[in-house]
1. Please state the relative contact order of the range 102-284 as a whole percent: Cα pairs under 8 Å, 6+ residues apart?
2. Over the range 145-216, what portion of Cα pair distances is larger than 13 Å, expressed as a whole percent?
3. When only the heavy atoms of the protein chains count and the probe is 1.4 Å, how do ASP493, ASP467, ASP356 rank by accessible area, highest first?
4. Over all alpha-carbon pairs of the range 385-538, lay out the pair-distance distribution in 5 Å bins, whole %, shortest bin first.
5. Viscosity 1.002 mPa s, temperature 20 °C: what is the translational diffusion coefficient of the range 83-160 from Stokes-Einstein with a Kirkwood Rh over Cα pairs, rounded to a whole number of µm²/s?
6. For the chain, what is the relative contact order in percent, using Cα pairs closer than 8 Å and at least 6 residues apart in sequence?
7. So which lysines pass the test for LYS170, namely a Cα distance under 18 Å, with those fewer than 8 places away in the same chain ruled out?
8. What FRET efficiency comes out for THR9 versus LEU189 if R0 is 51 angstrom and r is the Cβ-Cβ distance? Round to the nearest 0.05.
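The values are calculated or read from the model by the stated rules, or taken from the named source; none is laboratory data. Note that the structure is predicted; figures quoted are calculated from it, not measured. Cβ placement follows ideal geometry from the backbone for every residue including glycine, while neighbour counts extend to all protein chains displayed. Remember, those area values only see protein heavy atoms, side chains included, never the ligands or the DNA or RNA. Shrake-Rupley method; radii C 1.70, N 1.55, O 1.52, S 1.80 Å.
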Amino acid sequence: MRNVKASPTNTPHWQKLAKLHAQYQSQSIEQLNDLSANGGQCIDAAGLSVDLSRNFVNQVIVDELVALAKTQGMPEKINQLIAGEEVNNTEARAAHHTALRLPDSAQTRADVGETQQKIKALADNLRNKSWRGSNDTEITDVVNIGIGGSDLGPRMTCNALSSMTTDGPKVHFVANIDPRDLETVLQGLKPASTLILISSKSFNTTETLENALSARRWLLEAIPQSDLSKHVIAVSSNVEKAVAFGVDADNILPMWDWVGGRYSLWSAIGLPIAIAIGYEGFRELLDGAHAMDEHFATAPVENNLPCLLALLEVWYVNFCNAHSSAVLPYSHELGLFPDYLQQLTMESNGKQVHKDGSPVLSRTCPTIWGSAGTIGQHSFHQLLHQGTELIPVDFILPLHSHSDEHSKQAHLVANCLAQSKALTEGKSEASATQELAGSGLSDAAIAELASHKASPGNRPNTIIAMDKLTPSNLGALVALYEHKVYAASVVWDINAFDQWGVELGKQLSTPIFAALTGDDSASTDKTTAFWIKRFTQQ
Ligand code: F6P
């Protein structure tokens, strides 16, 4: 029997929230938001300060959202996640990424501790140059070949912590099956001083296997087969397949099915991070995430940052008609954070059925997008300010930089705060008119121009600040979003840990590839046949 009772739309809170929206929709954020009245402007946890005072909510709305979360079983479901219970029901698995960042003293999984020792040994040996390549050559470059969760997390993290990557080999990332991706990375490298790291939980992903084959061919053009084990290592839960591919069994670090790909940067998939910044930095990243886990596990829903961010998402998507949400890091080093969040959020919550398979009766995950400020200000921010869509924004703001250029950092922070203020307050037509007075324009011209210059404001935004972008603060930030995604899935009663939709494209590409490469036996549709013909006739 399908358990439609789990749908949030069947709760009294859903109807109440719809009424609250109707009641308050004509108010401005400044009129409505009374969260700072109780000193509640910023909630601090795990090194992050989250300012909710520019959201389109008041205490009454927040209380109702919190009641909705509790009715959906939020505290129990948080416990289930943290305890490693089988929260991924369609694949009969836990999603126990929080176990990967427990302190050593609390670690109960022996295999996690052992793997962390292997990560440390490998990273140390590469950084202190005791791992040598063919002909005793120093390894100067490591190329991570992986895609999705086996790429985006380590790539984003290495970029974000680039100020710490001064020692050790240079780490590169290749994900795309487009041959130009690998080719451009290998262009400047030498096989004897390069280590190829094949990252694939399944060891079954076409893009990764094809790139790994090309990289192996490239290595073998310059080094003997007998030295290959000095240049190829792998991270995978499919050890058998990795060995069959030709990776030395001693060079394979394990992964487990209880860690989802997009939640895996804390596992051996994070090896490139440990190589780039050293194992101590990697451990600090885990510790920061663990501090956020503790907050998520223990703070009451009304003060629980991941829960509150998830509830705001539900409010905006389901009651305020928002279709997308922007993430704007005011840190160039966090430029890849929106890309990372796209997989984390949309692969997790881009779902249309409840956990029991019954159809979801409301909208779920919004589109996530964004890029680093201030660059976006000179591009898409126009739409955030004056477009017709309501797009809630998260500003990510490290207050201080690793650079000594304090004045430029102050400009960066000023721009972030100004964007937040502009989105909230906007500019009235009256004040635009006043600004134009004395410009020499006629009254009619002023009136016309003022309507273009006016900005509606009332665009909700949250400032997520930290002192500096350290491994610990980054760990907390990533864990904050991981848990936000899970908390939203709890409210919507969807499975955040499977990704069946991704499979269809993979299935369909196999016969098309066969047709493109000479097998004309496969029958297909007219459009695909047209393009196959165009490709094969070249
Ligand atoms: O195609 C999507 C996906 O399944 C992601 O969930 C995963 O992170 C990625 O592919 C890579 O998978 P693997 O690590 O098994 O190669």
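1. Working: 307 pairs, mean separation 55.4, N = 183.
That works out to 30 percent.
2. 65
3. Largest accessible area first, the list is ASP467, ASP356, ASP493.
4. Once binned at 5 Å, the Cα pair distances of the range 385-538 give 2, 7, 9, 8, 9, 9, 9, 8, 9, 10, 10, 6, 3, 1, 0, 0.
5. Details: Rh = 15.6 Å.
Answer from the Stokes-Einstein relation: 138 µm²/s.
6. Relative contact order, the chain: 20 percent.
7. LYS170 reaches LYS120, LYS129, LYS190, LYS230.
8. 0.40
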